[in-house]
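The values are calculated or read from the model by the stated rules, or taken from the named source; none is laboratory data. Computed from a prediction, not measured in an experiment: that's the story for all the values here. Cβ atoms come from the backbone with ideal geometry, glycine included; neighbour counts cover every protein chain shown. Calculation scope for accessible area: heavy atoms of the full protein, side chains included, ligands and nucleic acids excluded. Shrake-Rupley method; radii C 1.70, N 1.55, O 1.52, S 1.80 Å.
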Amino acid sequence: EAFPNEKLPCFIEGCAHAVSFYGAVTKYFVPDNLRTDENAINKIETAIISLGVQLLHELRNKISYLQKENDLQGALSVTKNQIALAELLELDHSVYFMLYMNVSHLYCLLKEKENAEQAVEKFVELLREKSIDDSVLLQVYKTGFSAKPFDLIRDTLIFAQLITMLNE
């Protein structure tokens, strides 16, 4: 039987008509070789990742607003949500570099030295796993980590390791 498209309602109706030819519709029906379903799943997954990346950018706007309003705890909370979302979406390492630099910056502004060090440590772990190949991004990180708030942790071993790795 021909149908106008391969969308789910037509697919289900076609399957029901096919098995009803035998006089009954089975309790369970397991179709085989559903390439369209696989394509649909891939399209849905791509759309979810795309929406997630858009949400990451929108959250960046919210963080900027919160920082302007001097709500550093709020900005930190949203930045942590960005990291959780990036992890959920299994995004590339390059996304995490900026997020962990931002988290460590916020911890420095909040004078939370231990937490700032831990965030820098995450950045260093990522850097050990994958180097930053883009020279412009590398300069962004060098400039970012030279900001005054990082004076809080500038004398720590992990920060020294970070600066050494960025300059290699």
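Which length gain, in nm to one decimal place, applies between Lys80 and Arg128 when the Cα-Cα distance is subtracted from 0.36 nm times their residue separation?
On the way: separation 48, 0.36 × 48 = 17.28 nm, distance 2.16 nm.
Stretched fully, the Lys80-Arg128 segment lengthens by 15.1 nm.
Please sort through the DSSP H helices of the chain and keep those with an alpha-carbon extent of at least 20 Å along the long axis and a Kyte-Doolittle average not below -1.0.
Numbers: long enough: 35-68 (50 Å, -0.32); 72-88 (24 Å, 0.56); 93-109 (24 Å, 0.79); 113-129 (24 Å, -0.85).
Length and hydropathy pass: 35-68, 72-88, 93-109, 113-129.
In this simple spin-label model, placing a label point 7 Å from the Cα along the Cα-to-Cβ direction at both Arg60 and Glu6 gives a separation of 3.7 nm. Straight-line cross-link reach from Lys80 at under 29 Å between alpha-carbon atoms covers these lysines, not counting any fewer than eight positions away in the same chain: Lys43, Lys62, Lys68, Lys111, Lys113, Lys122, Lys130, Lys142, Lys148. In plain terms, the chain from Arg154 to Asn39 could stretch by 36.4 nm, reckoned as 0.36 nm per residue minus the Cα-Cα distance.
Among the trypsin sites (Lys or Arg not before Pro) within segment 87-128, those in coil by DSSP and having at most 15 neighbouring Cβ atoms inside 10 Å are Lys111. Taken along the Cα-to-beta-carbon direction at a fixed 7 Å, the label points for Ser146 and Leu91 span 2.6 nm. Among [x] 24.8, 80; [y] 19.4, 73; [z] 20.5, 63, find the value of Rg and Dmax of the Cα atoms in Å that was calculated from the structure presented, and write down its label. Label [x] holds the value from this structure. Protection proxy ranking of 42-54, 70-82, 139-151, by the mean of other Cβ atoms within 10 Å over each peptide's residues and highest first, is 70-82, 139-151, 42-54.
How do Cys10, Cys108 stack up against each other in accessible area, from largest to smallest, with a 1.4 angstrom probe?
Numbers: Cys10 25, Cys108 0 Å².
Reading off the accessible areas and sorting them downward yields Cys10, Cys108.
Potential lengthening of the chain between Ser135 and Glu13 amounts to 38.3 nm, from the contour at 0.36 nm per residue minus the alpha-carbon distance.
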